[in-house]
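Peer 1: This is the structure, below, for whatever I ask next.
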Amino acid sequence: MDQTTAPPLRWGLLGAGRITEGALIPALRAQGAALVAIGCRDAARGQDYAQRHGIPHALSYADLLAREDIDAVYIGLHNSAHLPWTLAALAAGKHVLCEKPLALDAGEVRRMQQAQAASGRLVHEAFMYRYHPQIERLCALVHGGELGELQAMRGAFGFRLDRAQDSRWDPTLGGGALYDVGCYPLSLMRLLTGARPQVHDVRARRGGQGVDVLAHVVLGFGEVLGHFDCGFSLPALDAYFEVIGTRGSARLTHPFLAKGIETELVVRIGETQRTERFAAVDPYRLMVAHFERAVRGHAALRWGLHDALEQAEALDAIFARLQWSEAR
């Protein structure tokens, strides 16, 4: 049975949060997936959520995983819940698309690898930005040699987090800016270089209940230098990514949050400059489409748990070098 005649993949959603509502449900619906159930800790909230979104069932997480009519689950829970519910989903025979960061350390990813091998199911870290055509174009520029030899990369991803009860303020739930947004430029630097970073310096400011609310990271990827900033305390959204080669540079103006908007890649070669424009797309839908193809055996998963392990190892190394810069 080819993909065009296969029945829709049947999904369960763990977590009735903003990303699930604003990004994953629209992407799944656009892909033609069947939304079977929403998992929520609060039964009343789950019923309201299911009714608003036309989802047949609102269940506890465990009851959702016990259903035989669900093929795959999306996990949109707080970071510290990713490991236990990924393991539970695999044990229940479900494929897993899990929000980033997939895990809080490399040891957690290794446990997922073992569980994945035992289950025969797939686990994918939901870095949706990688599926946007502008990222493929940036990779082509870097690897094709038009910019010359890559010398440096720099980026930022920050915003103002003003919800006092948000789980990202809580270190026991895997909060902090490095886990939430710093993981994006780190992931892109790894993607462009294909290398494991050496951590030169990490400075962060503490806030919330003790998490990093603003951080600056300096890395080395062989001969290529990289640095990025991330934070929750900026007055407005700040996000960009730039690569610099021996012949030129390229800068993405919306590298990570590019759902439904036109984006630009500004390329400078010597004294000349051009702007390459990309039509609005939904990278979440592109990610879901690829994941479903991999689940059906029609494509190899582009980024599996080996990539997630290297990402977690890099984050572990960053946290190991973190120095606090206390506000005066």
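Peer 1: With a cut-off of at most 16 other beta carbons within 10 Å, and DSSP calling the residue loop, which GluC sites (Glu not before Pro) in the stretch 59-143 qualify? Please list them. Can you show the working numbers first?
Peer 2: Details: sites: 68, 99, 108, 125, 136; in loops: 68, 99.
The qualifying sites are 68.
Peer 1: Another question about this same structure. At R0 = 22 Å, how high is the FRET efficiency between residue 326 and residue 236 if r is their beta carbon distance? Nearest 0.05 is fine. Walk me through the intermediate numbers first.
Peer 2: Details: r = 25 Å, r/R0 = 1.12.
Efficiency, from the Cβ-Cβ distance: 0.35.
Peer 1: Could you check how much of the accessible area of the chain is carbon and sulfur, as a whole percent, using a 1.4 Å probe? Numbers along the way, then the final one.
Peer 2: Values: 7000 of 14220 Å².
Carbon plus sulfur share of accessible area: 49 percent.
Peer 1: Another one. Taking the stretch 1-132, how much of its Cα-Cα pair set, in percent, is spaced more than 20 angstrom apart?
Peer 2: When every Cα pair of the stretch 1-132 is considered, 42 percent fall beyond 20 Å.
Peer 1: Shifting gears a bit: Over all directions, average the projected area of the Cα convex hull of the chain and note it in nm².
Peer 2: Details: hull surface 69.9 nm².
Averaged projected area of the chain's Cα convex hull equals 17.5 nm².
Peer 1: Between residue 262 and residue 218, what FRET efficiency comes out of the Förster formula 1/(1 + (r/R0)^6) with R0 = 45 Å and r the beta carbon distance, rounded to 0.05? Don't jump to the answer; show the numbers that get you there.
Peer 2: Numbers: r = 32 Å, r/R0 = 0.72.
Plugging the Cβ-Cβ distance into 1/(1 + (r/R0)^6) gives 0.90.
Peer 1: Could you tally the net charge around residue 320, taking each other residue with its Cβ under 11 Å from the Cβ of residue 320, Lys/Arg +1 and Asp/Glu -1?
Peer 2: Details: positive: 321; negative: 105, 313, 316.
Surrounding charge for residue 320 is -2.
Peer 1: Next question, about the same structure. For the stretch 164-296, what value does the Rg/Rh ratio take when both radii are computed over Cα atoms and Rh is the Kirkwood radius, given to two decimals?
Peer 2: Numbers: Rg = 17.1 Å, Rh = 17.0 Å.
Rounded to two decimals, Rg over Rh is 1.01.
Peer 1: Only bridges with both residues in the stretch 115-253 count here: give the DSSP antiparallel percent, nearest 5.
Peer 2: On the way: 30 of 37 bridges.
If we restrict to bridges inside the stretch 115-253, about 80 percent are antiparallel.
Peer 1: Determine the gain in length on full extension of the stretch residue 44-residue 143; use 0.36 nm per residue of separation and subtract their C-alpha separation, reporting nm with one decimal. Mind showing how you got there, number by number?
Peer 2: Details: separation 99, 0.36 × 99 = 35.64 nm, distance 5.15 nm.
Extra length from residue 44 to residue 143 when fully extended: 30.5 nm.
Peer 1: Taking the DSSP beta bridges in the chain as the whole, what percent of them are antiparallel, to the nearest 5? Don't skip to the end; give the middle numbers.
Peer 2: Values: 42 of 72 bridges.
Bridges in the chain that DSSP calls antiparallel: roughly 60 percent.
Peer 1: Mind jotting down the distance between the C-alpha centroids of the stretch 115-156 and the stretch 201-220, whole Å?
Peer 2: 24 Å
Peer 1: Using 0.36 nm times the number of residues separating residue 271 and residue 162, minus their current alpha carbon distance, what extension gain do you get? Please list the in-between numbers first.
Peer 2: Numbers: separation 109, 0.36 × 109 = 39.24 nm, distance 4.23 nm.
Gain in length upon complete extension: 35.0 nm.
Peer 1: All other residues with a Cβ under 15 Å from the Cβ of residue 66 taken together, and with Lys, Arg as +1 and Asp, Glu as -1, what is their net charge? Show your work: numbers first, answer last.
Peer 2: Values: positive: 10, 67, 94; negative: 63, 68, 69, 71.
My count for the surroundings of residue 66 gives -1.
Peer 1: Okay, next question. Among DSSP beta bridges whose residues both lie in the stretch 1-134, state the antiparallel percentage, nearest 5.
Peer 2: Working: 0 of 19 bridges.
Bridges in the stretch 1-134 that DSSP calls antiparallel: roughly 0 percent.
Peer 1: Right, next: I'd like the FRET efficiency for residue 18 and residue 316, computed as 1/(1 + (r/R0)^6) with the beta carbon distance as r and R0 of 30 Å, rounded to 0.05. Can you show the working numbers first?
Peer 2: Values: r = 28 Å, r/R0 = 0.93.
It comes to 0.60.
Peer 1: Further question on the same structure: What accessible area per residue, rounded to a whole number of Å², is obtained for the chain using a probe radius of 1.4 Å? Display every interim value, and only then the final one.
Peer 2: Details: 14220 Å² over 328 residues.
Averaged over the residues of the chain, the accessible area is 43 Å².
Peer 1: Here's something else I'd like to know. Please list, in order along the stretch 110-116, the HN-Hα scalar couplings obtained from phi with the Karplus expression 6.51 cos²θ - 1.76 cosθ + 1.60 (θ = phi - 60°), rounded to whole Hz, x for Gly and Pro.
Peer 2: 4, 5, 5, 4, 5, 5, 5
Peer 1: Around residue 261, under 12 Å between beta carbons, what's the net of Lys plus Arg minus Asp minus Glu among the other residues? Show your work: numbers first, answer last.
Peer 2: Numbers: positive: 259, 277; negative: 262, 264, 282.
Here the count lands on -1.
The values are calculated or read from the model by the stated rules, or taken from the named source; none is laboratory data. Just so you know, these numbers come straight off a predicted model, no measurement behind them. All Cβ positions, glycine included, derive from the backbone under ideal geometry; neighbour counts span all protein chains shown. Calculation scope for accessible area: heavy atoms of the full protein, side chains included, ligands and nucleic acids excluded. Shrake-Rupley method; radii C 1.70, N 1.55, O 1.52, S 1.80 Å.
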